[in-house]
Structures are given as C-alpha cells and as structure tokens.
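One structure is given below, encoded as structure tokens.
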Amino acid sequence: MSRKFIVGGNWKCNPATVREANTLLKEWKKALPNVDKSKVDVVICPPALWMSSLNESIEALGMSTCAQNVGKNDAGAFTGEWTASNLQDINISWTLIGHSERRTKYGESDADVAEKVAKCQDAGLNVILCIGETLEEREGGKTDEVNKRQLGAVIPKVKDWDKIVIAYEPVWAIGTGKVATPDQAEETQAAIRAYLKEAAGAAVADKVRIQYGGSVTRDNCAELITKPNIDGFLVGGASLKPTFMDIVSAVGPSKMVEMWPKYEEKMKKEGCNETAIAAFKYNYGVLVSGADVMIPESKLDPVDKLPEYEKLKEKPDPRLLRKTLILKLNGGLGTGMGLDKAKSLLTVTEGNSFLDLIAKQVANMKKSFKTDLKFMLMNSFSTSQDTLDALSKYSELGTGSDLEFVQNKAPKVTASDFSPADWSADSSHEWCPPGHGDLYPAMLGSGTLEKLLKKGFRYMFVSNSDNLGATMDLKILTHFVQSGAPFMMEVAERTDADKKGGHLAKDKATGGLLLRESAQCPEQDEKEFQNVGKYKFFNTNNLWVDLAALKREFRKNDGALPLPVMKNSKTVDPRDKASTKVLQLETAMGAAIQCFEGASALVIPRSRFAPVKTTNDLLALRSDAYQLTEDFTIVLAPERDGVPPDVKLDGMYKFADAMEKLIPNGAPSLIGCKKLVIEGPMTLAKGVVFKGTVTVKNSGAEKELAAGVYEDKTVEL
C-alpha cells in the first residue's frame, strides 16, 4: 500500500517572538514551489499561545497547525490544561502526544499517553504519537521492548487508525551528537510495523504512517526517505530554519525541481529579462506546488457601499494631468476571435480601428484640457510591430520607448506533464502573454517605471485598448489623488448579465478589498458567487495607480507582486484544436488591489465600460445601437436607455473572419433590438432591421436574409 509522506515541524518553545515566527513562515513561502502537496502532508507545532494567531498563515502555506500536547481530561477544573475538544473548537486538528520531553521532563507515563489518545479519538483529533528509547535503553538492547511497551499501551484505545501517525524518536540521537544511520532507523521502524501487524492486524500495519524523528537535517533526509518503512519525519531544531523547506521538498519534490532548469534555459535563450523570468517562476511555482488558489465564501465579506462617480464633490484640478500617464493595454491577439494580430486593429466604426479611435481620443483630450498628456501602450511581443506601424501616422503620440513598452512573454506549459510546450511547426506558438497582471513586472523589468518617476510622473490611468469608454476623466483623477489611496479600481454595478464574471469583495481576515474571479470560486459556492444582490460590483479594468506606491510594493515584495495565478486551458496552436493541450499561466492586473493597503474603488456609470470580447460585442458595436461622439468615444444611442442589445451569434461565427462573411454589407440596424439570435449559415442583406426579440434560423445550405424589418419573431430561412 502506498502511504502519503508526512513531515512535522516541532518548534517546542521557539522562536523567541511571534514576529520571528511570521518571518520564518514568509521565508518558507518562497520555497513552496519546490513542494508537491499531493505527495506530502506538513504539520507545524508552534508554541501553544501562538496556535490561533498563526493558524491562518500556516494553512495558507498548505500546512496544518498541530498542538504540542493535549490534556487527558475533559472540561473542568484543570488549571493550565486544554482538552482535545478545545483544540477542535479553534480549528486545530492535530496534536503531538507522548513526546520524549513530555515523558522525561514532565513524568508522563504510558498510561497517561494512552488516556490522551483516547480523548483525541473521541474528539476526532489527529494524533502524532511519539515513541522511542533513551541512550541507556538503546545500549541495553531494549529498543524493541520499549517501543512495544509504549505502543502497546495505546493500541487498545485506538478506534480509528486513520487518525494516528507514529513518530519514532530515538531519544539517544537527539542532541547527543550520536546519529542513527539510515539502516538503523529503517531496522527499528520495520520492527515497529511488524509489531503493529501482530497487535492490530496487517491492514493497520500497512496503512499507518511512521515518521523518523532523530535529528533530521537537510543533509541526511534524502537518504532516510528512501527507506520503505520511513514515511516522513518529525523535525525539531531544523524546523526553525528556512532550510526546513529543503527537507519537505526532499520528501515531496514538485515538478519545479525537475522542470525549472528547462524553463530558465528556454527563457534566457529567448532573451527574457530577469524580472520576466522571476515573475514566471513565481507563477509556475504556484502551479506545480498544488497550492489552493480558490477563494471560498468563508473567507469573504460583501462590499455594501462605495463612493459613486455622480456624487464626487472634489473640484477638478487640471494641474494633475502633467503628472499622469494614460496607459492602454494592447497585448491581446484576440485568439478567442480567431485573430493572429492585435485585436485593436479590428475596424470598429466609420472605418476606424480601436487604435485609430484611441489616437483621436488622446488628441481630443490634449485639445480639451489645453495641456500635453503622456500616453503609452503596453504591447505584447505579438502586437508591437503591427501597432507601431498602424500608429505611425499619429506622430504626436510619440515613438519607440516613449510610446510603448513590451509585455513579457511566458512559455506555454504542456498540460499533461507541466513541461515546456514544444511546437516545431511554429515555435512562436510556444509562447504567450502572461495576462494583463504582467503590467507590473513589465513596467519594472523594462525600466519604464523608474523612467516615469524620474520624469515627474506620479499617477497612472490604465484601461484595456478594446474599452473605448475608458477615457481620461479629470474628476476621477482629482478624487483619486485627494483620497490618498495607492490604488483605485473603477467598478460597475452587477446585473444578471454580469453574474458569471468576477466580483469585488472584502477579505474577511484583513478587511481589505480583493477580486474573486470565476476560476477562483469553489463549485459549492457558485450560487453565492452569482448572487448579484450580495456581491454588487464588478471590475471594469479601469485602474488608477500611484507609481511611487507601486515602487514601494516592489521593494517590499522582493521585486514581485504576489498576484493570484490562474490557469487558462488552450491548445498550443489556438486555431488547431487537435494540437497539444497546454496551460497558459496568467495573472489579472485588477487583482493587485489586494496588494495595496488602503486600496479603494469607485462606482462608475456603464458608459465607461464598453469592451469587445467576442464577435457578439463587435457586431453590436458596429451597429446603429452605438454612436461615435465628437470626442471619438463610442456610446450607446440615447434610444437604448443605457442598455446594449443582447446579441447571440451561432458558434460558427465565433471568429472575426466568419462574422465578416455574415454581414458583407455592414451591420444590421439594432437600435430598436432587445435580443438577436443567429443560428445556422446565412448572410444578412443590406437594409436588415431588427426590433424587439428576433431569432433567425437556417438548418440547410447558406441563405441570405432579405432586407426588411423583423420585429419580435422567429425567422426560418
């Protein structure tokens, strides 16, 4: 039978302060990527007074908190004791019992240990049962006799062996300078298992895990763990060091140990900078560590009230514009729409692409505000050249590094074994943008952040290039600056149409704001995730950032922002569904709200949120349901009363080139349309007008829908 390894760290009465304990846990976090949690359980035994305060931090590392002792009594007049039920009540599910120091220094007998085990069995508490002989007993040839005696006292009390782990402590090898060889440890633990088989049965002996606890270090653990009857370690002094994680990773090595050198070599060969490599290493480490990236309901509180745009009272201050960067994220290829170039090159309206409209918006803002405005793009390695070519006619925007910095690239990960993806047919498909959360390391690694600060820029307004409603708003900028917040997110009120998207919430532990995306919601919490009455706001990805505060966060976190990592399942060639299945590791820039103490949010009108994510959105945007204003902003026509048409195209029109074939004569009229559903192959003639709710179906060969008005009906071609 295969037994899962288990490593325990017994801190005893160490370290000196809880602050030192928290520092140690932070050091351990850096090494988590080297540990595969599916291979090893880890339990940590801090001093009793710190168990509650450290429990959440320990659990965040994927470990469990373990008491060092428990009383043999029930509740009552037992000064200085605590019961098994007390531990359960504070969410502590493990305890040591019978440690050699409890036996030798506090006089605990075998009978005492047995009574404690019985209480823990009744309470459903997991027990690490310590047994082992002294030097005198070892030299007297009594090792097996002592172990049998100590274990034999407990066996009658055990009803559930799944709750028992045995830790063999050769007391003579702890702090004496004498060391048990791996063969000596294996011989003794084999004898313990043989006795278990004799006294409790073969099934019990086969499944019970037996730890070794004799001065385990990172130097001797690798050989010890190869022995068939050593199922892990109970570590003392070595568990008070950052290198404790070397022991844990030796027991349960992750793919990081095997695969990271291959990724590092690949990224260096590609010319990736050190910041990009460090960012991907963090993301890959989260993947291979098996870290729980879910955010359950139990950790959240809803956000009930936020400042609203319409109620802002700050007097707009135009002087702030000279300190502010307008940044558009332009790294997306729109692969979900079948594109292999920048999505922002798509024609939106009146012959203008997204990029054309952005350039004209900036020119108009400079004119309106009567001041120069700093504008930049974050492009990806896939969009940079096409974008610069398209914007070359707008020379006033700037050129080169004054106009853009390039998002980092990240290797795609083979889904089956977490190795670097390989696609010899086109090696460019082996790389992907690492999500818009890469904004932060890309700014740092490219030198853009430092350059902006040196030039006197303090604030940054960020939005997606496909959101043409996100323009510089002086009222919002002034509010952000005067609030003193280091980071602010523009949010909008959720409706049923938004219920499957991410939402804003409060971290129950810290009270700070955070984002929960659908990929981070446990299945059992999905109903509450979609409760728009409870979680009222969603992220528009219009963000305001204090650049000086961003620099401070980088310093505080050793050059990286610890953003939640999301797995995006794809094929290595996005247009070839039969190609190798891969994972793209991505982060979201809005998730940085949880990194900044004092971060805030502002409720904005829907007019500032008009993104194009699918061909459904693009078709609606091209129709007369939207209008192009004098300042080159696209807004809903007044007749729409702020509600966009609901367009549902057949999956065959998922890609932009297929949608173009559907509307060879331009978009139909949707100004009076509530919902449009297109099913099957067809083309729309010039002059088609949809009103109300309309479904058009065709189950045969492609046909044309003739010009005319179609209102509240289903049309069969």
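A few points about this structure:
- Lone unmet requirement of (1) under 29 Å from ILE634 (Cα atoms); (2) of a type outside the set (Val, Ile, Thr); (3) assigned by TED's automatic domain parsing to the domain that holds THR349; (4) surrounded by fewer than 16 Cβ atoms within 10 Å (Cβ to Cβ) for GLY484: (1)
- The residue of region 220-238 that is farthest from the chain's Cα centre (by Cα), among those that are among the hydrophobic types (A, V, I, L, M, F, W, C) and in a helix (DSSP H, G or I), is LEU224.
- Selected residue (only one of PHE655, PHE632 is within 20 Å of MET337 (Cα to Cα) and touching a helix residue (DSSP H, G or I) at 6+ places or on another chain (Cβ under 7 Å)): PHE655
- Evaluation of GLY447 against (1) outside the structural domain of PRO411 (by TED's automatic domain parsing); (2) over 24 Å from the mean Cα position of the chain (by Cα) (one fails), failing number: (1)
- Positions within region 104-120 being modelled with pLDDT of 95 or more, part of a helix (DSSP H, G or I) and either in contact with an Asp or Glu (Cβ under 6 Å, 6 or more places away or on another chain) or charged (D, E, K, R) (or both), in sequence order: ASP110, ASP112, GLU115, LYS116, LYS119
- Every residue from region 16-28 that is within 11 Å of LEU61 (Cα to Cα) and either buried (at least 19 other Cβ atoms within 10 Å of the Cβ) or in contact with a Gly (Cβ under 7 Å, 6 or more places away or on another chain) (or both): TRP28
- Qualifying residue in region 489-504 (condition: out of contact with any helix residue (DSSP H, G or I) (no Cβ under 9 Å at 6 or more places or on another chain), buried (at least 18 other Cβ atoms within 10 Å of the Cβ) and of a type in the set (A, V, I, L, M)): yes
- Number of positions in region 244-300 that are free of Cβ contacts under 8 Å to residues at least 24 places away in the same chain and within 19 Å of the chain's Cα centre (by Cα): 1
- Selected residue (criterion: nearest to VAL481 (Cα to Cα)) from residues of region 601-616 that are touching a Gly at 6+ places or on another chain (Cβ under 9 Å) and small (Gly, Ala, Ser): SER607
- The one condition from (1) part of a strand (DSSP E or B); (2) surrounded by 14 or more Cβ atoms within 10 Å (Cβ to Cβ) that VAL709 does not meet is (2).
- Subset tally (residues that are outside any helix (DSSP H, G or I) and either surrounded by 18 or more Cβ atoms within 10 Å (Cβ to Cβ) or in contact (Cβ under 8 Å) with a residue 24 or more places away in the chain (or both)) for region 178-219: 14
- Look at region 108-135: where a residue is more than 23 Å from VAL43 (Cα to Cα) and a partner is buried (at least 20 other Cβ atoms within 10 Å of the Cβ) and among the aliphatic types (A, V, I, L, M), sitting 6+ places away or on another chain with Cβ atoms under 8 Å, you get ASP110/VAL154; GLU133/VAL171; THR134/VAL171; LEU135/VAL171.
- Test result for LEU543, crowded, with 21+ Cβ neighbours inside 10 Å and part of a loop (DSSP other than H, G, I, E, B): no
- Qualifying residue in region 93-101 (condition: without any contact (Cβ under 8 Å) to a residue 40 or more places away in the chain, in a strand (DSSP E or B) and not acidic (Asp, Glu)): yes
- Strands (runs of 3 or more DSSP E) enclosed by region 612-658 - at least 2 residues per element that are crowded, with 17+ Cβ neighbours inside 10 Å: 634-636, 646-649
- The set of residues from region 319-352 being part of a helix (DSSP H, G or I) and either surrounded by fewer than 21 Cβ atoms within 10 Å (Cβ to Cβ) or not assigned by TED's automatic domain parsing to the domain that holds GLY398 (or both) comprises ARG319, LEU320, ARG322, LYS323, THR335, GLY336, LEU345.
- Residue match in region 580-595 (condition: more than 23 Å from the chain's Cα centre (by Cα) and in the same structural domain as GLY351 (by TED's automatic domain parsing)): yes
- The condition (being over 18 Å from GLY332 (Cβ atoms) and touching a Leu at 6+ places or on another chain (Cβ under 6 Å)) is satisfied by just one residue among LYS360, LYS366: LYS366.
- Hey, GLN150 more than 44 Å from the chain's Cα centre (by Cα) and touching a residue at least 12 places away in the same chain (Cβ under 8 Å) or not: yes
- Flag if THR347 is more than 23 Å from ASP573 (Cα to Cα) and modelled with pLDDT of 90 or more: no
- Scanning region 406-435 for residues that are out of contact with any Asp or Glu (no Cβ under 9 Å at 6 or more places or on another chain) and crowded, with 22+ Cβ neighbours inside 10 Å yields one hit, VAL413.
- Qualifying residue in region 691-699 (condition: free of Cβ contacts under 8 Å to residues at least 60 places away in the same chain, surrounded by 18 or more Cβ atoms within 10 Å (Cβ to Cβ) and under 14 Å from LEU618 (Cα atoms)): no
- Filter pass, LYS370 being within 30 Å of TYR626 (Cβ to Cβ), surrounded by 15 or more Cβ atoms within 10 Å (Cβ to Cβ) and either of a type outside the set (S, T, N, Q) or touching a residue at least 40 places away in the same chain (Cβ under 8 Å) (or both): no
- ASN55 passes every criterion in (1) within 35 Å of the chain's Cα centre (by Cα); (2) surrounded by fewer than 16 Cβ atoms within 10 Å (Cβ to Cβ); (3) polar (S, T, N, Q) apart from (2).
- Residues of region 547-565 satisfying the condition of being acidic (Asp, Glu) and either assigned to a loop (DSSP other than H, G, I, E, B) or not assigned by TED's automatic domain parsing to the domain that holds ASP473 (or both): ASP558
- Region 59-89, subset in a loop (DSSP other than H, G, I, E, B) and aliphatic (A, V, I, L, M), residue surrounded by the fewest Cβ atoms within 10 Å (Cβ to Cβ): ALA77
- For region 75-89, the criterion of being aromatic (Phe, Trp, Tyr) and without any contact (Cβ under 8 Å) to a residue 40 or more places away in the chain is met by at least one residue.
- From GLY501, GLY533, residue being outside any helix (DSSP H, G or I), within 18 Å of the chain's Cα centre (by Cα), without any contact (Cβ under 8 Å) to a residue 40 or more places away in the chain and not assigned by TED's automatic domain parsing to the domain that holds THR324: GLY501
The values are calculated or read from the model by the stated rules, or taken from the named source; none is laboratory data. If you're wondering where the values come from, they're calculated on a predicted model, not measured in any experiment. Note that each Cβ is placed from the backbone with ideal geometry, even for glycine, and that neighbours are counted across all protein chains shown.
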